[in-house]
Each structure stands twice: as C-alpha cells, then as structure tokens.
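Down below is the structure, laid out as structure tokens.
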C-alpha cells in the first residue's frame with residue numbers, strides 16, 4: 001500500500017466546512033454545549049445572468065465548474081451554502097440577489 005500525501009489532496013471548501021460543522025456539533029453534543037446556528041443560502045430561482053451566478057456560487061463553495069453548474073441548474077431550490085458564519089452567507093445572498101436571482105437566507 002502506498003503512502004498518501006495529504007499536501008496534494010484537494011477537498012472542496014463546502015465539503016470541508018460541512019465535515020467541520022458536523023464535527024463541531026458532535027463535540028458540542030458530547031460536552032453539552034449549545035451550537036452556533038447554521039445559515040443556509042437557497043437559490044429559489046436563477047436569473048438571466050447565469051455566468052455571474054456560476055462565478056459567485058463557485059467562489060463561495062469551492063466546487064468545480066461541472067458541480068457548480070449542476071447545483072445551480074438543479075430543481076427544487078438547492079442549498080448553495082451552509083455555514084455558521086453569517087457574514088459569508090449574507091455576502092453570497094447579496095451577490096446572488098445583485099445578479100437578479102431569487103434567494104432565501106435562513107438560519
């Protein structure tokens with residue numbers, strides 16, 4: 001079996017953040033602490049500025065172009081970003097609204 005070099009492994013930011021958030025919740029449950037709220041940005045309806053929307057989502061999530069396009073074009077108001085940092089969620093929601101998309105930001 002060959003050794004893995006973790007310096008060359010690339011994990012999209014949204015996957016890493018999701019794993020990190022779940023680990024924090026697990027630790028908080030074990031110690032009895034309250035967890036921070038998770039903010040979700042949902043794309044309700046994509047506007048006409050598709051390229052700008054793809055760029056904004058890709059920048060926020062760290063996904064590749066193919067995954068970002070599938071996420072934006074998927075039906076049923078997909079969750080574009082989940083984070084405990086309100087500023088990041090608010091910034092993405094603002095960017096998507098500026099590009100004439102219908103967005104929902106919930107905690």
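The values are calculated or read from the model by the stated rules, or taken from the named source; none is laboratory data. Just so you know, these numbers come straight off a predicted model, no measurement behind them. Note that each Cβ is placed from the backbone with ideal geometry, even for glycine, and that neighbours are counted across all protein chains shown.
The residue pairs whose first member lies in segment 77-97 and is at positive phi and free of Cβ contacts under 8 Å to residues at least 60 places away in the same chain, whose second member is buried (at least 16 other Cβ atoms within 10 Å of the Cβ) and outside any helix (DSSP H, G or I), and whose beta carbons are closer than 6 Å, counting only pairs six or more residues apart or on different chains, are 77/42.
Got at least one residue in segment 80-88 being part of a helix (DSSP H, G or I) and either more than 14 Å from the chain's Cα centre (by Cα) or surrounded by 15 or more Cβ atoms within 10 Å (Cβ to Cβ) (or both)? The answer is yes, given that some residue of segment 80-88 is part of a helix (DSSP H, G or I) and either more than 14 Å from the chain's Cα centre (by Cα) or surrounded by 15 or more Cβ atoms within 10 Å (Cβ to Cβ) (or both).
Out of 54, 44, 71, 92, report the one residue that is part of a helix (DSSP H, G or I), over 12 Å from the mean Cα position of the chain (by Cα) and either surrounded by 14 or more Cβ atoms within 10 Å (Cβ to Cβ) or at pLDDT 75 or above (or both).
Result: 54 is the single residue among 54, 44, 71, 92 that is part of a helix (DSSP H, G or I), over 12 Å from the mean Cα position of the chain (by Cα) and either surrounded by 14 or more Cβ atoms within 10 Å (Cβ to Cβ) or at pLDDT 75 or above (or both).
Candidates 100, 59: the one that is surrounded by fewer than 17 Cβ atoms within 10 Å (Cβ to Cβ) and not in a helix (DSSP H, G or I) is 100. Can you confirm whether segment 25-37 contains a residue that is surrounded by 10 or more Cβ atoms within 10 Å (Cβ to Cβ), at pLDDT below 70 and in contact with a helix residue (DSSP H, G or I) (Cβ under 9 Å, 6 or more places away or on another chain)? Yes, segment 25-37 contains at least one residue that is surrounded by 10 or more Cβ atoms within 10 Å (Cβ to Cβ), at pLDDT below 70 and in contact with a helix residue (DSSP H, G or I) (Cβ under 9 Å, 6 or more places away or on another chain).
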